[in-house]
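None of the figures in this text is laboratory data; all of them are computed from the coordinates on show. All of these numbers come straight from a predicted model, not from anything done at the bench. Note: ideal-geometry Cβ built from the backbone for every residue, glycine included; neighbour counts use all protein chains shown.
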Amino acid sequence: MYVMPCSYERLIFAAPKQTNMKHIAILALCLALPLAAMAEDGEKKKVDYRPEFHGTVRAKYEYQPEVNAGRFQVRNARISVSGNVAPIVAYKAEIDLSDEGQIKMLDAYTRITPLKDVDFTIGQMRVPFTIDAHRSPHQQYFANRSFIAKQVGNVRDVGATLGYRIECAVPVTLQAGIFNGSGLTNQKDFWTKNINYSAKAQFQLPKGFNVVLSAQKIKPSDISINMYDAGITFQQGRWTVEAEYLFKHYTKNAFEDVNAFDGFICYDLPLKKAFKKISFLGRFDYMGDHSDGEEFENGRLALTDAERKRVTGGITLSLAKPFISDIRLNYEQYFYNDGATPKPSERNKIVVEVMTRF
């Protein structure tokens, strides 16, 4: 069994100090560990070098009874290519041709896996943080993402991560990474003396339970934002139950702390004719007043999203295998505090969505 040459736990849970030497040491660790492990591993693997192409199309119709208005929308039109160029070197590139009407480059990274349980990834990617934000569009249970996945904990960035899987009675997957903080489009002339980090630990417990703990530090402006997330998923038989809580803290008292919660339940009923199964779903999610940390107003961070609660109910009809071709029928009921002004797309709505994965 491969023994790591340093304390991985310290890498995950200790926030890096803002010094140049610390930055250099972390980067050197990320680069040296895969290369050292590569030298020790002489095992040759049989690898298929043919690239794999995948895509996801989500088209939907939404109707808001309060304003008696509706719209059609192509929410996602993603295309990705992934594969291997060597037994231990993989890659992925993914672009969304219609992410709410915009073209966005999402994933663009290369990954070195010198040992079965160790991998090093560098490039542009979803940072290792939260449960729901990590689900691809074809893996979502509902037509619209939770507040945690869409507003509070949704981060993609450019950087490097180190992953390590521990095979034991309770398998553990650890991930930690450092990132620019530049986002997806501001890379060319972006230089920083700060460092963003993210870390995640997943514990596969017996009887269908999976626990995820994660932490993240970002600095979209002059204010640092620290986030902590904990969630548990239960899957057994036809049932899936999940609960996730996120706490978001802004330094220098720039904005009030944010609490966010997402909980849902899903029951699958197999069918034998036109559909493979029908899923019955219910969700409750909540988010306090939230700032994305980018804009200021009267010396403090500006409010980006008003506090709200939401109850979602619906069914999903699977035409092929689950998460391959689904018809999602949802109703969303929003609850705002008195005086709050909902955004145009954040009102009570009926959603009919067709998702196809190829």
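Please turn the phi angles of the range 255-270 into ³J(HN,Hα) values with the Karplus equation 6.51 cos²θ - 1.76 cosθ + 1.60 (θ = phi - 60°), one per residue in order, whole Hz, x for glycine and proline.
Result, ordered by residue: 6, 5, 4, 10, 10, 9, 9, 9, x, 9, 9, 9, 10, 9, 10, x Hz.
On each of the three principal axes of the Cα atoms of the chain, give max minus min coordinate, whole Å, ordered largest first.
Largest to smallest, the principal-axis extents are 63, 59, 39 Å.
Could you work out the relative contact order of the range 171-220, using alpha carbon pairs under 8 angstrom and six or more residues apart, expressed as a whole percent?
Computed over the range 171-220, the figure is 40 percent.
Return the distance in nm (one decimal) between the two label points of a simple spin-label model at residue 297 and residue 209, each offset 7 Å from Cα along Cα→Cβ.
4.3 nm
In Å³ and rounded to a whole number, note down the convex hull volume per residue for the Cα atoms of the range 304-346.
About 97 Å³ per residue, rounded to a whole number.
Per-residue counts of other Cβ atoms within 10 Å, averaged by peptide: what ranking do you get for 66-72, 234-240, highest first?
By packing density, highest mean first, the sequence is 234-240, 66-72.
Averaged over every viewing direction, what's the projected area of the C-alpha convex hull for the range 55-158? Give it in nm², one decimal, please.
7.9 nm²
Under 5 Å between amide hydrogens, which residues at least 5 positions from residue 282 or on another chain qualify, with H placed 1.01 Å from N in the peptide plane?
Here 265 satisfy the definition.
Dividing the alpha-carbon Rg of the range 98-160 by 2.2 N^0.38 Å yields what?
Cα-based Rg divided by the globular estimate yields 1.28.
What is the mean projected area of the alpha carbon convex hull for the range 217-358, to one decimal in square nanometres?
Average of the hull's projected areas for the range 217-358 equals 10.7 nm².
What's the magnitude of the charge dipole for the chain around its Cα centre, counting Lys and Arg as +1 and Asp and Glu as -1 at the beta-carbon? Answer in Debye, nearest 20.
1020 debye
Hey, how much of the P(r) for the range 150-265 falls beyond 18 Å, as a percent of Cα pairs?
That tail contains 60 percent of the Cα-Cα pairs.
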